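The structure under discussion appears below in the form of structure tokens.
Where a number appears in this text, it was derived from the coordinates with a stated rule and is not lab data. In this text, all values refer to a predicted model and were calculated from it rather than measured experimentally. Cβ placement follows ideal geometry from the backbone for every residue including glycine, while neighbour counts extend to all protein chains displayed.
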Amino acid sequence: MNEGAKGREAQRRYGPLGRALVIIPTFNEAENIKKIVSRVRAAVPDADVLVADDNSPDGTGKLADELAVEDEQVHVLHRKGKEGLGAAYLAGFAWGLEHEYGVLIEMDADGSHQPEELPRLLTALKGADLVLGSRWVPGGRVVNWPKYREFLSRGGSTYSRLLLGIAIRDVTGGYRAFRAETLRGLGLSEVASQGYCFQVDLARRAVAAGYHVVEVPITFVERELGDSKMNRNIAVEALWRVAGWGLSDRANRFRGRSTP
């Protein structure tokens, strides 16, 4: 089948957005991977899944391989080691764009992002370039989070929103659906952020590029199994990178106003 025929077949089966790929980065998620993949496949049967595993010592990659043998819509990207959330997503995006998916979705492996809410994000994407699953818009909420985690998340989004001058309420959230052409326009080769500020970086790039960004309320559920990957270094990276981006943006605007 030639490329044009592949595109027409994808639109016939999946609609004008084309095929969807749910990218799930993993590191030591053996307790969660089978359950989350099963839930994704049930919630959006036409979507494919890509598990991007950072050589998990607990055997997550092996379990993902077993799922891929059983289901041709499950794929596994084995990476050499733990290099951060941003690097895993960038590798997943590159794989998805190379394989001509029309929609690429970010989703955590721990169940915090409920796959059952994904159809609403995909519906919203029909009228947007990027859809964010948001905890901090009306209708969004968090479940089983201690107050200090909620304070850090809300504070991080407010800090980023004010310094960067963007209107997104949940700028740090990681449940997202991108059109392929949006990702191609974000300058992914220039993205160096890792941790959770990777999400801030992509959001600010999308706004700066003029893409239409929509927030859809979600219910974020604290993981029941495994350990959170959030740590002090990730938080510190986010603070200084966001401050640097904000200062750079203001300096660029000042130079632009000062230029005859």
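Using each residue's phi in the range 53-69, evaluate 6.51 cos²θ - 1.76 cosθ + 1.60 at θ = phi - 60° and report the 3J(HN,Hα) Karplus result to the nearest Hz, with x for Gly and Pro.
Rounded to whole hertz, the list is 9, 8, 6, 4, x, 8, x, 4, x, 5, 5, 5, 4, 5, 5, 5, 5.
How do the peptides 182-191, 121-130 rank, highest first, by the average count of neighbouring beta carbon atoms within 10 Å per residue?
In descending order of packing, they fall as 121-130, 182-191.
In whole Hz, what ³J(HN,Hα) sequence does the range 146-152 give by Karplus (6.51, -1.76, 1.60; θ = phi - 60°), x for Gly and Pro?
For the range 146-152, the Karplus curve yields x, 4, 5, 5, 5, 4, 5 Hz.
Quick one: which residues, 5+ away or cross-chain, put their amide H under 5 Å from the amide H of THR26? H built at 1.01 Å from N.
The answer is ALA52, ASP53, ASP54.
Beta carbons within 10 angstrom, averaged per residue: use that to sort the peptides 21-32, 66-77, highest first.
21-32, 66-77
Sequence-distant or interchain residues sharing an amide H contact under 5 Å with VAL49, placed H: which?
VAL22, VAL74, HIS75
Assuming a ≥ b ≥ c are the square roots of the Cα gyration tensor eigenvalues, decide whether the range 73-114 counts as rounded (a/c under 1.5), prolate (otherwise, with a/b larger than b/c) or oblate.
oblate
Net charge near LEU125, counting Lys/Arg +1 and Asp/Glu -1 over other residues with Cβ under 11 Å of its Cβ? Could the numbers behind the result be given before it?
On the way: positive: ARG120, LYS126, ARG176, ARG179; negative: ASP129.
Result for the neighbourhood of LEU125: +3.
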